[in-house]
1. Determine if the stretch 37-52 includes at least one residue that is part of a loop (DSSP other than H, G, I, E, B), modelled with pLDDT of 90 or more and under 28 Å from C231 (Cα atoms).
2. Show me the helices (runs of 4 or more DSSP H) found entirely inside the stretch 170-281 where at least 2 residues are more than 24 Å from Q65 (Cβ to Cβ).
3. Cβ-Cβ distance below 8 Å, separation of 6 or more or different chains: which pairs start in the stretch 6-20 with a residue that is farther than 21 Å from N99 by Cβ and end on one that is assigned to a loop (DSSP other than H, G, I, E, B)?
4. L165: free of Cβ contacts under 8 Å to residues at least 40 places away in the same chain and not in a strand (DSSP E or B), yes or no?
5. For the stretch 78-89, which positions are touching a Leu at 6+ places or on another chain (Cβ under 9 Å) and either under 15 Å from N23 (Cα atoms) or surrounded by fewer than 16 Cβ atoms within 10 Å (Cβ to Cβ) (or both)?
6. I want to confirm something. Restricting to the stretch 260-274 and keeping residues that are buried (at least 19 other Cβ atoms within 10 Å of the Cβ) and modelled with pLDDT of 95 or more, which single residue is farthest from the chain's Cα centre (by Cα)?
7. With the condition kept exactly as written, say whether any residue in the stretch 162-183 is within 15 Å of D253 (Cβ to Cβ) and among the β-branched types (V, I, T).
8. Based on what the data block shows, is I94 modelled with pLDDT of 95 or more, β-branched (V, I, T) and outside the structural domain of K158 (by TED's automatic domain parsing)?
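The values are calculated or read from the model by the stated rules, or taken from the named source; none is laboratory data. What you see is a predicted model; the values in this text were computed from it and never measured. Cβ coordinates were reconstructed from backbone atoms using ideal geometry, including for glycine residues, and neighbour counts include every protein chain displayed.
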Amino acid sequence: MFSEKIRKIEFDVSSGAIQVALNALDLLRSFSETSKSETCKDFVENFSEFGRALFLTRPSMASVQNLVAQIVFEVNHLEEVNLIEVRRFVTSRIEEISNQSVNAVRKSAEWAANLINNSDNIATCSHSSTICRTFELAKEQGKIFKVMVAESRTADGKFRYGCVLANFLESLKIPVEVFLDRKIYRYVPKTNCVLVGADSVLVDGSIINGSPTYGVAVEAEDSGVPFYSVCETSKVNTLSYLGKNVEAKKGFDLVPSNLITGVVSEKGILPTSALIEVMEEKSKFYKSFNIECC
């Protein structure tokens, strides 16, 4: 039963990174509630093993790794309690972490919405729940703007992330136009700024996000158009901080920091030094998976 649900997490192409992370936490909660373990020791071992399996599903999605590693770490460091209390802790703590993540999305979007002005043309690509919320908030603030979206077609051509975003914007009556990936570049110079999400923010300030983010970033740089990545601090890639090699999988782009005007988080626009501090704080969670600095 759980192996199939893990596969759904691994191959989910329709959800944004934070939703995938929340789904992973929900699966951990379900595992806790149905576990057959009869002792705390067995429960913690089985919970940690299941957490590791989830941790490995989405190497490009830092939020999945960070949130899963956090709850596994906290369960492993509980003071002596009985099994009932451990299960209760898992349920309540996962709910708390999930709520914090949702609030972080909202706050990040609030900061990003401030970058949008009346009559702006905004370019974006791929699909991000944080970007969706950003445009929604800007609309609620009474701003009138247009969004130009790259269709963001997957490598196999079966899914178009940009169209998911465009459908959402149309439901809000926000003017939107979808372009073929190879044609979006010519329209970037006509925009006021580029707003994209991120699946990961690496230790050097670069980001990993769905294609064609790199091409859009290059065109923005060449045209003098500000390029912002909007994402919660749960998307910092702690593995990169720990010296591990992190690569963009097929269908994803690595965008170097010199092409990025700023990373907009729930804490505002953060410099690389502040992002590294967040990674350092989260690195302790990875010890439960025996992952430490090289």
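1. no
2. Helices (runs of 4 or more DSSP H) meeting the threshold: 181-184, 213-223.
3. Close Cβ pairs (under 8 Å, with a partner that is assigned to a loop (DSSP other than H, G, I, E, B)) amount to I6/T57; E10/T57; E10/R58; V13/T154; V13/F159; S14/F159.
4. For L165, the condition - free of Cβ contacts under 8 Å to residues at least 40 places away in the same chain and not in a strand (DSSP E or B) - is not met.
5. E85
6. Step by step, filter the stretch 260-274, then rank; the result is I260.
7. No - not one qualifying residue is present in the stretch 162-183.
8. Yes.
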